[in-house]
Every structure is written in structure tokens, then in C-alpha cells.
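The values are calculated or read from the model by the stated rules, or taken from the named source; none is laboratory data. None of these values were measured; they are calculated from a predicted model. Glycine gets a Cβ as well: all are built from the backbone with ideal geometry, and neighbour counts include every protein chain shown.
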Amino acid sequence: MAEPWKLSPYDRVSLCFESTLMIVCFKDMTENEENIYSIIKTIDVLEWAYTRGIVKSKDYHVECKKLIHQYLVCVDNIDNFKGLDKFMQVFIYITTK
């Protein structure tokens with residue numbers, strides 16, 4: 001078996017199921033995976049503020065472009081990234097156990 005830090009996020013989840021050490025897997029999350037989750041949550045808050053008129057259109061578009069660029073950089077640095085939907089399912093499952 002490969003070292004846990006060399007496994008993809010999805011393989012680490014499988015390893016967690018096998019060993020039932022969810023805390024260990026959560027601690028092994030890479031910085032890029034944590035950043036993706038943070039970016040998604042930040043975009044949610046930014047959209048919420050925009051729809052309520054708290055953030056102006058110009059500022060909203062500038063910040064969204066920055067966040068999307070950061071997201072793409074992080075995704076490019078994750079091996080075997082299987083898409084945002086799958087990532088969020090795995091990440092939320094790990095953080096709620």
C-alpha cells in the first residue's frame with residue numbers, strides 16, 4: 001500500500017473506511033484541498049452578500065474572478081481531482097465524522 005500522503009483524496013477516504021481512523025485522514029488533507037473548501041464557502045458568502053445588495057456588482061465580479069482563479073490553481077495541483085461535486089461530498093463526509 002502507498003504512503004497515505006501520496007494517495008489521492010478519494011483513496012485516502014477509502015483508507016479511512018478500512019482503518020476507521022477518520023481523524024487521521026482529516027489531518028492528512030492537503031493545503032490545496034482545504035483551500036478549495038474555503039474558496040467555495042467564501043464564494044457562497046460573497047453571493048449571499050451580493051444578492052442582498054451588501055456588495056456592489058463591480059466588487060462582486062472582481063472578487064469572484066480572483067476566487068475562481070485561486071480555485072483553478074488549487075485544482076491543478078491535486079492529483080486525480082474528480083470534480084467539485086465529488087470533492088464536496090468527500091470533504092463534507094470527512095469533516096462531519
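Annotations for the structure displayed:
- Test: GLU33 is in a helix (DSSP H, G or I), acidic (Asp, Glu), modelled with pLDDT of 90 or more and surrounded by 13 or more Cβ atoms within 10 Å (Cβ to Cβ): no
- Close pairs from the stretch 55-73: first small (Gly, Ala, Ser), partner surrounded by 11 or more Cβ atoms within 10 Å (Cβ to Cβ) and assigned to a helix (DSSP H, G or I), Cβ under 6 Å, at least 6 apart: none
- Residue within the stretch 74-85 that is assigned to a helix (DSSP H, G or I), surrounded by 14 or more Cβ atoms within 10 Å (Cβ to Cβ), at pLDDT 90 or above and touching a helix residue (DSSP H, G or I) at 6+ places or on another chain (Cβ under 6 Å) present: no
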